[in-house]
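For reference, the structure is listed below as structure tokens.
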Amino acid sequence: MSDDHARSAAERELAIDGTMVAAMCQSFIAAHVSSTGAERVVLGLSGGIDSALVAYLTAAAIGADRLIAVLMPTASSSPSAKRDAETVIGELGCQSELIPIEAPLAALLGTLPEAASVTPIRRGNMAARLRMTTLYDRSAAHRGVVIGTGNKSEILIGYSTIYGDAASAFNPIGDLYKTQIRALAGHIGVPRQIIEKAPSADLWPGQTDEGEGGFDYPTLDRVLYRIVDRRMPIDDVIAEGFERALVERIADMVRRSEFKRQMPPIAKVGGRSSGSDYLYPRRRPNSD
């Protein structure tokens, strides 16, 4: 299947009502900011589509004056990513901070006994955790709350760093596949160059998510939609024309990354265990 055919098929199968979904996401943001008592929202703005979309949704939900976008480049970050992030900041008129993290990243790497052999993936995970450390510090400084930017496609296959970009106080776009992210971003006016550029975690020069993962997002989304939302058996998904090796690999990625989507399990010893028996919704009731 050609790339254009795969994208059009994904857009058809995963079509959303942009106005309705935007309203749902904005209401979610406003409600969660209100429930925490936070004065501001702190967002790590990479210049990619996910964080750009969250910036636009947040500005619409609570006002651009309450949004602080933080840019945290490393030496491997592309200049175009910074330019795109600055475009978003300029269009929204929100506050911003530039906090390069190359120095602390280099310092951390320098303490490791095998520093010379650290892989790009390990370096990228360190950078992601340093960024989240920075965001939580900035949220404390600004009496704010950290908002998440992970999409459903990447959450499901584990394409995120636990305690790094996977961490946040709440996430307004985590139930939207990458295909739907593109559609919603187009609907609410995210700059076209951000929507159309190849998704990248910016781990090294020229790195792209699809190139590293060995998949294209439209096909990934169509397979995930069948496995997760429609609960189709693997053989039924394959019978619809998808390659067996790809479907089985995606299903395995979902299975192996389950630990990233849950709190760490606790050995049950007492009568009421935190996270299982002693578990409340975010809006905790007044009494037990």
Trypsin sites (Lys or Arg not before Pro) within segment 119-182: DSSP coil, no more than 12 neighbouring Cβ in 10 Å: 143
Computed from the beta carbon distance with a Förster radius of 41 Å, FRET efficiency for residue 8 and residue 91 to the nearest 0.05 stands at 0.90
Just one of [x] 16.0; [y] 14.1; [z] 17.7 is mean projected area of the Cα convex hull in nm² as worked out from the coordinates here. Which one is it? [z]
Residues with amide H under 5 Å from that of residue 40, placed H, sequence gap 5 or more: 144, 145
Pick out, in residue order, every one of the GluC sites (Glu not before Pro) in segment 61-169 that is DSSP loop and has at most 15 other C-beta atoms within 10 Å; say none if there are none. 114
Length-normalised contact order of segment 32-140, Cα under 8 Å, at least 6 apart, in percent, tallies to 27
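Averaging sequence separations of C-alpha pairs under 8 Å and six or more residues apart, then dividing by the length of segment 16-202, give the relative contact order as a whole percent. Mind showing how you got there, number by number?
Numbers: 290 pairs, mean separation 52.0, N = 187.
It comes to 28 percent, rounded to a whole number.
Mean Kyte-Doolittle of at least -1.0 and a Cα length of 30 Å or more along the axis: which whole DSSP H helices of the chain meet both? Don't jump to the answer; show the numbers that get you there.
Working: long enough: 120-141 (31 Å, -0.54).
The answer, listed by residue number, is 120-141.
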Checking rank on 163-174, 251-262, with mean other Cβ inside 10 Å and highest first, the result is 163-174, 251-262
Points 7 angstrom from Cα along the Cβ direction at residue 195 and residue 80: gap in nanometres? 1.8
Under 28 Å from the Cα of residue 82, which lysines turn up, not counting those fewer than eight places away in the same chain? 152, 178, 197
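How much length, in nm to one decimal, is gained on full extension between residue 30 and residue 15, taken as 0.36 nm per residue of separation minus their Cα-Cα distance? Intermediate values should be presented prior to the final figure.
On the way: separation 15, 0.36 × 15 = 5.40 nm, distance 2.48 nm.
Taking residue 30 through residue 15 to full extension adds about 2.9 nm, to one decimal.
Coordinate-derived values only; no laboratory data. Quick caveat, the model's predicted, so the values are computed rather than measured. Methodologically, a virtual Cβ is constructed for each residue, glycine included, from the backbone with ideal geometry; neighbour enumeration extends over all protein chains shown.
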